[in-house]
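The structure appears below as structure tokens.
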Amino acid sequence: MTPRVSAAGRLLAAVVAVAAVAVFGVLVRPTAHAARVPHTGLAPAVTNSFVCPSLTGGPSLSTTDMTVAAFGPTQRLKVSYSPLLPVKGKTVGLTPKPAANVHQTTPYAPVVVNATGDGAGQMAVSQLGMTPVGQRRALTDLACYPPATDTWFAGADGRIGVKDILLLANPSDTAANVALSLWSSRGPLNPPGTSGITVPAHTAITRVISDLAPDQAGITVHVHANSGTVAASLLDEHTSGIRPVGVDWMPPTTPPATVNVVTGYASGAAMDLLELGNPGDRDATVTLRVITPTKNFQPAGHQTVVVPAGHTVTVDLAASIAGEVAAVSATSDVPVVTEGMTLVRPSTGFSELAWMPAQRALKTPAGIAANVPPFGQQVSLVLTAPGSAEKVRVSVPRGASSTISVPAGRTISVDLAALLHAGGSGPGPVMITPLSGPGVYVERFLHASGAHGPLLGAEVPTVFTLPTTLPAVVPDLRAATP
């Protein structure tokens with residue numbers, strides 16, 4: 001006779017069975033780990049290249065100094081430079097700790113600086129040229145930069161008395177195919193020979209602006225690489241008869257935008273120009289605002305400027321700026337290209353000029369490699385805060401540092417050598433780190449004066465390449481399940 005089991009007994013048996021299964025599962029299951037929160041990673045830049053358009057010297061005691069500065073780790077950093085054809089030359093190694101200088105007194109060539117290893121993304125390269133006598137007497141100053149697909153200039157000149165040379169450098173292993181677009185105050189220009197330009201590998205070629213746009217001023221130039229990349233540079237040389245008026249490299253400016261800021265108009269300048277180019281198909285209305293150490297205002301007679309579609313306009317702001325250190329903010333309803341030029345004309349001696357590009361607001365660290373004032377005279381930093389107040393730290397690698405406050409809506413000029421307690425040779429490579437505010441605009445100025453007139457040089461900081469953010473990696477065994 002089979003014994004009868006009560007309902008309570010069956011329930012007790014079921015509970016015991018479930019508990020046994022649970023215990024068995026704990027015994028055979030692998031030891032569990034605490035849940036880990038996935039983290040993203042950072043991959044720093046380990047390659048970088050810069051093209052300097054003219055490392056050369058020669059007649060009239062002309063010299064050029066190329067300064068390569070490293071602001072990051074240098075233990076595994078490898079740096080070298082090599083010339084671009086038509087000059088043939090070998091690759092030369094450099095050891096920037098934190099800077100390395102190449103002084104050239106004889107004719108040479110454009111060069112490419114290549115860097116690999118840790119710290120490659122935290123570098124800056126400057127090209128500083130000096131011609132103390134003769135028709136090309138001037139100080140030329142330029143931050144060297146990587147090749148790109150698109151490069152813009154505003155203010156090129158094809159008139160008599162001006163020699164503007166466009167240099168196209170291709171440091172890569174393959175040829176580049178380039179097209180040039182030009183606009184002037186008379187409208188779009190379509191000269192022959194501006195499309196399908198082949199720039200062979202490891203080669204630099206030139207084009208003269210007066211050949212493309214004779215008797216035209218205020219020319220906006222767009223260099224576009226249909227294939228490959230090039231580093232485009234524009235040398236602007238002015239003379240009056242045999243008298244030098246000024247020479248400088250025109251730095252690339254930002255692409256067409258509705259907000260542009262140009263800073264670095266020099267104290268005591270006799271001419272302050274703002275070049276505006278409208279490559280679009282709609283007229284642009286541009287609102288200007290001058291920003292000085294004491295005020296910001298709309299310039300009388302130039303509160304708004306209309307730039308017709310496909311045209312350029314040159315605005316002389318010297319009367320409004322009145323010899324102060326200044327910046328100009330240009331806000332438009334249609335994207336435009338802007339660039340600035342400042343010229344000092346003393347009562348005795350020769351004139352001198354410097355070009356300043358429009359910039360993107362500086363929000364991350366940047367560096368300037370060369371800060372040696374000519375004849376040990378003046379090196380300064382011009383900073384503009386068009387909106388909110390800004391605070392930045394200025395420092396030298398493994399050396400002095402100082403914090404600068406820029407009031408809202410103001411432009412200030414700071415003696416860089418005094419700020420960092422440097423002597424007549426300058427502070428060396430300088431790093432600029434924004435600390436607060438939506439973004440500051442910065443230009444470094446070199447200035448000297450003497451019996452033969454002033455020398456001016458202006459350079460924008462090189463923004464460091466930020467590390468690439470890598471996505472979080474989460475282990476998932478299901479990825480191996482068919």
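Near Gly280, the amide H atoms lying under 5 Å from its own belong to Gly310; only residues 5 or more places off or on other chains count, and H is placed 1.01 Å from N. The length gained by stretching the chain between Thr91 and Ser347 to full extension, at 0.36 nm per residue less their Cα-Cα distance, is 87.5 nm.
What is the percent of Cα-Cα separations in segment 47-183 that go past 27 Å?
In whole percent, the long-distance tail amounts to 26.
Helix 7-28 axis versus longest C-alpha principal axis of the chain: approximately 40°, rounded to the nearest ten.
When the Cα positions of Pro467, Ser449, Gln377 are compared along the charge dipole of segment 347-472, Pro467 comes out farthest toward the positive end, with charges on each C-beta of Lys, Arg, Asp and Glu. Here the 3J(HN,Hα) profile of segment 231-248, calculated from phi with Karplus coefficients 6.51, -1.76 and 1.60 at θ = phi - 60°, is 9, 9, 9, 10, 8, 10, 10, 10, 9, 10, x, 9, 8, x, 10, x, 9, 7 Hz, Gly and Pro shown as x. Measuring between their Cα centroids, segment 222-236 and segment 300-347 lie 25 Å from each other. Here the 3J(HN,Hα) profile of segment 67-75, calculated from phi with Karplus coefficients 6.51, -1.76 and 1.60 at θ = phi - 60°, is 10, 10, 10, 10, 9, x, x, 10, 4 Hz, Gly and Pro shown as x.
Mean residue ellipticity, 222 nm, helices only, the chain: the sum of -39500 (n - 2.57) across DSSP H runs of n ≥ 4, divided by residue count and rounded to 500, is -2000 deg cm²/dmol. Legend: P(r) of segment 102-241 from all alpha carbon pair distances, 10 Å bins from 0, whole percents, reading 10, 36, 36, 15, 2, 0. Over segment 42-466, the fraction of Cα-Cα pairs per 20 Å bin, rounded to whole percents and listed from the shortest bin up, is 27, 62, 10. 3J(HN,Hα) along segment 437-451, derived from phi through the Karplus expression 6.51 cos²θ - 1.76 cosθ + 1.60 where θ = phi - 60°, amounts to x, x, x, 10, 10, 9, 9, 9, 10, 10, 8, 9, 9, x, 5 Hz, with x in place of Gly and Pro. Here Lys295, Lys97 are placed in order of increasing Cβ neighbour count within 10 Å, fewest first, which gives Lys295, Lys97. Backbone amide hydrogens, once placed in the peptide plane, bring Thr203 within less than 5 Å of Leu85, Asn170, excluding anything fewer than 5 places away on its chain.
Under a model in which nothing but the beta-carbon of Lys, Arg (+1) and Asp, Glu (-1) is charged, segment 42-466 shows a dipole of about 860 debye around its Cα centre. Relative to one another, the C-alpha centroids of segment 38-117 and segment 372-421 are positioned 26 Å apart.
Listed by chain and number, the lysines whose alpha-carbon sits under 29 Å from that of Lys90, ignoring those within fewer than 8 places in the same chain, are Lys78. Considering only Cα atoms, the convex hull volume of segment 108-173 works out to 154 Å³ per residue.
Any read-out appearing in this document is the output of simple, stated calculations on the displayed coordinates, not a laboratory observation. Quick caveat, the model's predicted, so the values are computed rather than measured. Glycine also receives a Cβ, built like all others from the backbone with ideal geometry; neighbour counts cover every protein chain displayed.
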